[in-house]
Structures are given as C-alpha cells and as structure tokens.
Amino acid sequence: MRSRIMIKEKLLLSIILLSSLIVSAGQSDWNHANPDTWGEKGFDLTGAKVAGAFRGSASNKLKDGSYIKAGMNWQNRQRMGKKLYPGRYKMFARMKGKGIFRLRIENVKNKKVRHTFPDCNVDTDKLTLFELGEFGYKRDYSMLLTDDKSTPGLWVDYIYVRGISDMTPEKATQRADAIRSKAANLKVLLDEAQGKGLAVGEQNAVYAVAMRYVQYGQDDVARGGLIRGTKVFDYLDKSVPNAIAEVRDIIAKGWPKAGRKPDYTNLSIKRSHLYNGEVPVYLTSIAWAPSDIITSLELNWRYHFNGFFAQAKDPLHSDEYNTKYHEGILNGVGKGVTAGLATTQCMHTHHKFPYLKKYPETRYIKPVQGTGPHNPCFETNYCHDTPISKEAYEQTVKKVLRKFDKAGLWSFEFFNEPGYACQCEYTMDKFRYYLNREYITIDKLNESWGKNYKDFNEVKKTDLSRQGANNYDWLDFNQERFYEMVSWRKNLINRLCPGLLTHVKIISRRMFPLGNHDITWGLDHEVLAQLNPITAHDGATSGVSRAMNYDLYRSFSFPFGRLILDTEAHPGKPDGTYDQTHFNMWTGAIHGESGMSIFLWRRKETANIHWYEQDDIATKPWEMEAVSRTHQQINRLLSDVIPLTEVEPEVRILYSRTSRLMDIDTHMKEAMEVYPSLLFSGAHVGFITERRLAGRQFGNCKVIVVPQVNYFPKDALQGLAEFAKAGGIVVFAGPSEFKTKRGLERTTLKEILRLKVSPGQKRPYGKGKLIGLKSALVGKRQTVDGGAPMDLPVEMETGKDKLMSLAATDNWVMYEKAISKILDDVRIDRCPGYSRGVEARRYVDKDGSELRAYLNYSMDKPVTIEVPKGSVELITRKNCNGEITLKPLGVALVKIAK
Ligand SMILES: [Zn+2]
C-alpha cells in the first residue's frame, strides 16, 4: 500500500502544477490515464512540457498545430516500436482546438498503414486528454505515428500508449514480494559460497539486478507501464531460481574458487591493453544521470564493475563550473577512487560554450545545416581556433583542472564527440595559408580550381564547393586544422596535469557511410585515434559493424593501434536482449576492446518514460545482468583472450582516406561489402591505411583487398605497387580508378603503375599477383529505418540468413567464394569451423595449445562446429565432446590442449 500512497502524493503535486491541463482523467484511480504519470510510452510533441516524456525536435516548435509530421525524424530515431513489447495497447492524445483528429500507425519501412484510429472530434480551448482507441502490436514492424494533415486547427500536444493487461499494483506487489523472498534465499546461499572462497560474482550480479529491478517493475505498473512491468517480473521469476541452482552447484562442487581482485586504481597500458601488474583488466563502468554521480558510483559497486565514469554536468557548460559542479565532480572522483574503482572524469565539450560568451569577437554564425557546401557540425557558434578562444579555453580548463592532478583520477576525457567546421575569417586566413603551402603559386591554384585569382587573399568561403580539388582542399585542411586544435588542447592538459591519461571520445561509427559526419566534421579517424594513449570512442555499433569498427581502428598504427575504450557504450544494441548484449561485449573483447562505459541518462523514475533508446537498460533486468556477467567472464578469461587479439592479420582491406573524402561513400560501402566475407573466412582480418602503405609498413600481410579506391595519393600507390612486386596479392573489389587526391585522372597505365586488372581477370605483378572481382555495389542499397542518419542497419538478410548488423547491400556473399579461394591459394592461416555468419579466430601458443573463438552472428540459427575431443569451452567451463553448439548470437572460447 505504501507505494500507492506515494503515488497519490505525487499526483497531488501534479494537480497543483498542471491544474489547467488535467481535464478528463480521474486522478485518484490508478487505472485512469494521466499523461504525466501513466503509460508505457509517450511522445511529448510540443507545447506544454510533459515531465519525463520524450521530447524531440518537434517540441521546439512554437506554432500550434499537429506536430506529428514535424516530429517524424525524431520518431524514427526513438523507434517507438522498439520500446513497446508485443501486446495490446490503448492510445491517448492530448489536444486542444477545433477539428477532427485522425491518427494512424504506419510501418516505417514501407509506409503501409497498419492501424487507423476512429476520427476524434476535438472542440476545446483547453488541452484535453482523449482516448483514441485500441491497437495490437507484435513488434513485427517499426511504428510511425502519422495523421492526414486534416487537422490544421488542432494543437496536438502529447501522445502516449498504455498497455492493456490484467496487471494491477496489488498483483505487482504480490509478485515483487515473491521475487524478493526468493532473492533472500539466493543471498543466504551467496554468503555461504563467499564464506568458502568460491567464485559467485556472476550470481551476485543476478541478486543485485533482482533487488533493484523488482522495484522498477513495481514502479512501472504503478505508473501504467503494465506490460513492461510484467516483463520485468517474468524475467526475475526465472533468473533468481537459475542463480540459486548455479550457486548450489558451485557449493556442491567446491569449485570454482574466487580469484584475487586486481587493484583497479593502479593500471598501466601494455601494448594496447590494460593491466594491473601482470593481470589484464577489462574495464566496465556505468555512467548514470550526468549530475548524479553518487547513484552512478553505487551502481558500479552493485553490479561488480571496476570502473567509474565520474561524469558530472559539463563544467564548460556552466558559468558556475568552478563552484558547484567542480566540487561535485571532485567529491565524486574522490569517492570513486576510495572505492577502488578506475575513475575517469569526463569534461564534455559539446553544444554550448558559455566561457566564450565573454568574448563576442569569437562568435561565428554558422550556416544552417544543409545550406552550405560543407555542413558545419552541431558543435558550436563560436570559433575555437583564434588566439582569444584558445586563451579563454586555457583559463577555463586551468580552473577546472586545478585539483584534478591530485584527485587520483585514472584518466580524463577532454572532448566529447567533437567535430568542427568553422569558416570564420580567421579560419579562412588559415585556409589561404594552407592553399599557399600546397600550391606555392596562385597559377597552380587557379589551374587546379579553374579560377582566376590574382592572389591567395581573394579566396572566399563562398568559393567552396563539393567538387574536385576545391572539395579536397577544404576537407583536407579542415581535418588537419581540427587535429591541430585537439592536439593543442591535449598538450595543454598534459602540461597542467602531467601523468594524467587523456582521451577524446570520437564517434567512430561515423566513418561508416551513413550521414557522412566525419567528412564535414574534420574527423581524420586515423590520426585522432593515435593522438592519445587511449582511443576513446562512442561506438554504439553491434555485430558485424562493431567488429569492423574495431578492426579498422586497431589497424591505424602498427601493430595494433592504441588501447580502445568505448566511453559511450550501448552494448545491448539493437534490442537489448541478454544474448545481444553478451554477444556484442564478447565481439568487442575479441576484436581488441579494453573497456566500456555504459552511458545512461536518467531513467526518469518519477515518470513513465525516459529520453533515449539507450536508457532501455534501466528497464531491462536481462540487459544489466548480461553486462555484469559478461564483464566478469571477460575479466576472468582476458589473459587467454588478449593473445588472440594480437594475432597479426595476413589479410587487410585498404582504407583510403582520400577516397572517403572525395567519393563520400562508394569506397566505404564497398569495404563494408568485402568485410563480412573476410570476417567469416576463418582468417584474421585487418585494414591497411594510405599512410602505412606510404611508409611501407606491410607487417606480415599477404593479401590486400582494394575496395573501389577511386582517389589515391601517389606515395601510397607506390607502396601498394611495392607490396605486390614483393609477392603480395592485391585483390580489387570493384573498379578502382586511382585518380589523384585532387581528382585528376591518371590516364596512362604507367601513371597508375600498371595496377589495373579487369573484373574476373588476374595477372602476375612482379613476384605477386593482381586479381579483379566485380563490385558488389549493385542492386538496392539498404538504408536505415526511415533514413535516420546516425545509425547503422542492425541486421541484414541474405537469403535466409538474418545476421546481426551490417553492410551497404545484401550482395556481400558474392565475394565469399572468390575470396575463400584466394585465401586457400595463398595459404592464409584460417581457423576451422568458420561458415557464413560464423566468425572463427584462433591463437596457437608456442607450446602448441590453441585458443579458438567462435561467434555466431546469426540472429535465428544455431550452429554446430566440430572441435578436437578433450577441448574445453572456457566461458561455461564445460568439456566439449568433439563438437560445440552455438545458439543464435552464441559465443564460445574453445581451449585445445596440445
Ligand atoms: Zn574560426
């Protein structure tokens, strides 16, 4: 009963605050709909703010009217359908005005109408809640709310759904009590096992999750999230007894024993991984609400994590940075360090820069997105490059960092999701200098750009275009300039806090050709990834694209790039199931990831919803349990896994920065087609960059695959030719034109160093060979649901295969056979057991023992793989009897004794 009383108190508050809005709902009855506190899912479209509801771009509109259409993009990004579990729902809308409201639900992909609600007659000048009707949802399509524009006189303020279910707060209390009582039994067993020195960390996590999420489930139901709350209870009803059985088994066997806990406050980097002394460490932390670091800290303990992301509200966002927030951060950092966690502080610089307001001369009015030849990023309305801007940054950072060097921080993230494209006069002057440096004489520039400048000073920002040399020069300059700016900041911080590890959180998935942000944002991934001891990135990729993301990042320098931390991790993508989360974390670890921080905004526990998709982990006990258990498994097995990540690839895909700049997406799309065929070939796959070719850093690479490289610098071209001459195999995936970096044709065979072969042909080249394959970039290209630019497709269908996450089209399989044959001819080391959708990787130790990793990327098909008798699967600690069966998204680490 207590929770019910609390709800009434909260409602009373709502009534006082929103008395003008509450019209139709009987607030004292839980079963009535109140948009401020009830429901499974809601969209705050515009007008009066609904606490805790999703508020997208449409909420900023000031005119009245229906904003459903205006909110399309944002609806796509929020993926309403992904928030709802299968079930029946009631639909509500809050409106005012006069007219008929016709709401429909469409399938995002094909725009087919899946449900039409009856016409709703609105005639009121006060925002009023209307019940529109019922609908069923099986989660078999992605939902989009739409109307027929027949409602110009209506102000549609808020839309939400509530599940239809026989769940009640009373039933929820009964189920929650039963779960708590089972969890109490689990706790007794856990204490007994721990007393005997047994390893029960994973089962401890189940207990922690159960105790916290059971309350979430009750809260959900109390607020009308009937279906969501029921799901929570259904899961905990199974997970707690499972953990009890596991602990009983461990006690009965007296095995496994708990290991020594490393000191997470004392970490060092060896090659590209983290260690405490000789013990390798995979770091996991959870960053809760940005301003609630103490809750975050508590959660890190509770879920057995070893890191702590002391992410307080951005000090640079606030004029009060050196008082309230600064003290708060230091307090949190201190507590994290005292708790024995590897503590990171994040100073986000993103969106707003109040410290520059004092310097109006640094203000730069950026063009509206999409209007200029080079879109500026969302970053800023100020120039960060001028001496005044730098001085202002330095003064601000000095204040923020004053005490950090003594705070015991492990690392410091000084830039969040950066991007930059300022074209102020100061910048344009720098650009003119760049042009002068590159072309030396104005005649050469005129020839290259087709202009008649008398002087470099005549170059204006309105002269910039998306074509040819002009395009290349601006983008190349912007990447160079931005890198210099970030380096300057890094050096400043290193000087202020010597010894503090620094990192920048780059949105690494933006190198995929969806949205093209890295082009216009000045992101040269390769150099930025090498700037700091740690490559921090904002991954949010799953399955194949996650693997490719890491393989590319690790190939940026010889031999394995920098240590990779995902400091804005969403490991549950796409749906946040236990298996997806477990799979993505293992994919990361096997491809060299050293840790992650799960980024969580607020769960909005006082309301029915929360802001972003990634918050779903706060509604999904299975996802949190998967993170905690997988994190512990990875740490337990990391000394076996690290050598596997350090096997040098014999096959590498050429990553051409120049082609990415000039061609925007052809090159990367072809790379995305080639990559899966290599990932599922049993070989280790990596990438090779233009800079490494120019430096003749081939490693032990035997095959280089060239995916539509239409623009290429001369020194890299020479490197590629030398690689082939010395015996390397160059495979052309699709045609490669090898124009110069500024887009001039290399017309003769001699100019392209005879590096040309037709599709289907092959010919010798020095001691090596050139092989031509047809491009896979034909047919319909897959796009993200509704064209949302930020995200990658999360699954692909190839024939009957449904694989986790992928590529540009479904045509990648056309490379499979050809590539497989090439690998056999060249005798590339391939791990047995690979097949379409199954990654197999292996490491053979000096003593002849072998570790094999198997990852089944299929979302619906189990697979059985033959392995030598007597081998052991390390995650489950079970003996394999000559074979191992992976369920969909299953992972196995098979240890084979010599
Ligand atoms: Zn500027």
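The values are calculated or read from the model by the stated rules, or taken from the named source; none is laboratory data. Remember, predicted model here, so these are calculated numbers, not experimental data. Positions of Cβ are generated from backbone atoms using ideal geometry, with glycine treated the same way; all protein chains shown enter the neighbour counts. Accessible surface is based on the protein model in full, side chains and every heavy atom, while ligands, DNA and RNA are left aside. Shrake-Rupley method; radii C 1.70, N 1.55, O 1.52, S 1.80 Å.
Sparsely packed loop sites in the range 220-260 (the trypsin sites (Lys or Arg not before Pro) outside DSSP H, G, I, E and B with at most 10 other Cβ atoms within 10 Å) comprise ARG260.
Taking all protein chains together and a 1.4 Å probe, the residues LYS138, LYS573 rank LYS138, LYS573 from largest to smallest accessible area.
Between their Cα atoms, which of LYS702/LYS861; LYS90/LYS861; LYS714/LYS756 are more than 25 Å away from each other? Beyond 25 Å between Cα atoms: LYS702/LYS861; LYS90/LYS861. Sorting 653-659, 110-116 by average packing, meaning the other beta carbons within 10 Å per residue, from highest down gives 653-659, 110-116. Sequentially through the range 677-692, phi angles give Karplus couplings (6.51, -1.76, 1.60; θ = phi - 60°) of 5, 7, 4, 9, 9, x, 9, 6, 10, x, 10, 9, 9, 4, 5, 6 Hz, Gly and Pro residues having no value and appearing as x.
Ordered by solvent-accessible area of protein heavy atoms (1.4 Å probe), largest first, the residues GLU650, GLU327 come out as GLU327, GLU650. Relative contact order, whole percent, for the range 178-259 stands at 44, derived from Cα pairs under 8 Å and 6 or more residues apart.
Annotation: peptides 860-873, 449-462, ranked by per-residue average of other Cβ atoms within 10 Å with the highest first, follow the order 860-873, 449-462.
Taking all protein chains as they are arranged and a probe of 1.4 Å, the heavy atoms of ARG562 leave approximately 90 Å² accessible to solvent. Expressed as a whole percentage, what fraction of the accessible surface of the range 409-460 belongs to carbon and sulfur atoms when a 1.4 Å probe is rolled over the protein heavy atoms? Its accessible area is 47 percent carbon and sulfur atoms.
Within the shell defined by Cβ-Cβ distances under 13 Å, the residues around THR587 carry a net charge of -2, with Lys and Arg each +1 and Asp and Glu each -1. Between LYS358 and SER639, the modelled labels are 5.3 nm apart [label points 7 Å from Cα along Cα→Cβ]. In the structure shown, do any of LYS821/LYS898; LYS182/LYS238; LYS739/LYS817; LYS725/LYS750; LYS253/LYS898 have a Cα-Cα gap over 18 Å, and if so which? Exceeds cut-off: LYS821/LYS898; LYS739/LYS817; LYS253/LYS898. Length gained on full extension, ASP125 to PHE558, computed as 0.36 nm times the residue gap minus the Cα-Cα distance: 149.1 nm. Take every Cα pair under 8 Å whose residues are at least 6 apart in sequence, average their separation, divide by the length of the range 424-463, and the relative contact order is 41 percent. The simple Förster model, with R0 at 35 Å and r as the Cβ-Cβ distance, assigns ARG466 and ARG271 a FRET efficiency of 0.30.
When you count the other C-beta atoms within 10 angstrom of each residue and take the mean per peptide, 727-740, 536-549, 496-509 line up highest first as 536-549, 727-740, 496-509. For VAL705, the residues whose modelled amide H falls within less than 5 Å of its own, excluding neighbours fewer than 5 places apart on the same chain, are ARG652, ILE653, LEU654, VAL731.
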